[in-house]
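Notes for the one structure printed next.
The values are calculated or read from the model by the stated rules, or taken from the named source; none is laboratory data. Computed from a predicted model, the values in this text were never measured in an experiment. Cβ placement follows ideal geometry from the backbone for every residue including glycine, while neighbour counts extend to all protein chains displayed.
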Amino acid sequence: MTETSQLATGTAAPRRTGRFPACTGRFDDPGTRARIDALVRWIEARFGDDLRQRPSKHVYVRTLPPDVIAQVDLLRSDPLIERAIRRHFGEACSITPMPDTDELYLSHYNKDYGGDHGLFAKHYDGNLRFLPGGAVVRALIYLQSDAAYKVVFADSGVERAFASYEFGLLDFHRELHWVEGEYRPDDRQRILLKCNYLVTARGSRFAQRALLAVNAGVFYVVKAAMEYSKSPRTLPQRAVGWVCNGARLLNNVHPLLPIAVALAALGATSWTIVRLAL
């Protein structure tokens, strides 16, 4: 197997701390490619209608049939991905997969100010980059793609029009990125896996469990709001979509801004309710 490292994509030499620099790679092993082809055939049979529709679709990997999950597990644990992570954080780091947050993603370029608008506009995947003591690395594993879209990893200075059998790694909380392209229904649709890994110092079990809990909690809340408001049709869906996109823009400035605005709104609402009750 061969791989394309972050050095080959134009970034500086890796460091042992701080933001994980985005990098790209490719699965060249015939067995791995055959596994990916089999997954694509199953996905096209199972989610054919979704592939023909405009909104993007996320499906938690843990909800798929056991034999499909087993094939995803093999891709998630591929040595290419682990080596790329350890090149930056060092051999002594602890890499903990986060399978409960992993997703199958059917990606359709969609900018309508709903819940999946932010997937293609400038954004950070997470908003916990102010937390010390660990990092979350996300793997984007492209099962099928015709390189019609370009992903821009701004903080790392990396751009890539991903094709089938390729993958990209990025810092979930600390990499500003976006997708450039145009939805064309006749194109070969993008099918990828989003797999997440918590990286901590080895031996820090308490910190590891705390970070896993915090990351999972925030992830599920944000994902639920995004799913509810994608391609919005009702007024509540539109309102949640605007909240999602407003929070994204605030997070692009500083991760504490969405939290501060939410707390201020909650305080103002509580004060209003109390005043009206008096």
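A few points about this structure:
- Qualifying positions in the range 101-117 - crowded, with 21+ Cβ neighbours inside 10 Å and at pLDDT below 85: S107, H108, G114, G115, D116, H117
- Here V214, V221 are screened, and the one residue that is loosely packed, with under 14 Cβ neighbours inside 10 Å, in contact (Cβ under 8 Å) with a residue 60 or more places away in the chain and either under 25 Å from R129 (Cα atoms) or of a type in the set (S, T, N, Q) (or both) is V214.
- Residue within the range 225-247 that is among the aliphatic types (A, V, I, L, M), under 16 Å from the mean Cα position of the chain (by Cα) and surrounded by 10 or more Cβ atoms within 10 Å (Cβ to Cβ) present: yes
- Residue list for the range 146-176, restricted to those being among the basic types (K, R) and closer than 26 Å to S77 by Cβ: R160, R174
- Considering A213, A201, A207, the condition of being of a type in the set (A, V, I, L, M) and touching a Gly at 6+ places or on another chain (Cβ under 7 Å) is satisfied by A207 alone.
- Some residue of the range 151-160 being at pLDDT 95 or above and in contact with a Pro (Cβ under 7 Å, 6 or more places away or on another chain): yes
- Only one of D73, D37, D49 that is of a type in the set (D, E) and under 18 Å from the mean Cα position of the chain (by Cα): D73
- Those residues of the range 118-157 which are more than 14 Å from the chain's Cα centre (by Cα) and crowded, with 20+ Cβ neighbours inside 10 Å, in sequence order: G134, L143, Q144, S145, S156
- The C-beta contact set for the range 36-62 (first residue under 21 Å from T101 (Cα atoms) and in contact (Cβ under 8 Å) with a residue 12 or more places away in the chain, second residue of a type in the set (D, E) and part of a loop (DSSP other than H, G, I, E, B), distance under 7 angstrom, 6+ apart or interchain) comprises P55/D116; S56/D116; V61/D102.
- Subset of the range 226-235 [closer than 25 Å to L128 by Cβ and among the basic types (K, R)]: K230
- Boolean, T200 is without any contact (Cβ under 8 Å) to a residue 24 or more places away in the chain, at negative phi and hydroxyl-bearing (S, T, Y): no
- In the range 159-186, of all residues being surrounded by 15 or more Cβ atoms within 10 Å (Cβ to Cβ) and small (G, A, S), the one that is farthest from L249 (Cα to Cα) corresponds to S164.
- Those residues of the range 86-97 which are surrounded by fewer than 20 Cβ atoms within 10 Å (Cβ to Cβ) and under 27 Å from A213 (Cβ atoms), in sequence order: R86, G90, E91, A92, C93, S94, I95, T96, P97
- Qualifying positions in the range 236-261 - within 14 Å of F130 (Cβ to Cβ) and either of a type in the set (A, V, I, L, M, F, W, C) or part of a loop (DSSP other than H, G, I, E, B) (or both): L250, V253, H254, P255, L256, L257, I259, A260
- With respect to (1) more than 23 Å from the chain's Cα centre (by Cα); (2) closer than 23 Å to H88 by Cβ; (3) of a type outside the set (G, A, S); (4) surrounded by 11 or more Cβ atoms within 10 Å (Cβ to Cβ), the lone exception for V261 is condition (2).
- Within the range 185-220, restricting attention to residues that are of a type in the set (D, E, K, R) and more than 22 Å from A84 (Cα to Cα), the residue that is nearest to the chain's Cα centre (by Cα) is R190.
- Any hit, the range 189-209, residues being at pLDDT below 85, among the hydroxyl-bearing types (S, T, Y), surrounded by 14 or more Cβ atoms within 10 Å (Cβ to Cβ) and in contact with a strand residue (DSSP E or B) (Cβ under 9 Å, 6 or more places away or on another chain): yes
- Checked against (1) at pLDDT below 55; (2) out of contact with any Leu (no Cβ under 6 Å at 6 or more places or on another chain), P30 meets all criteria but (1).
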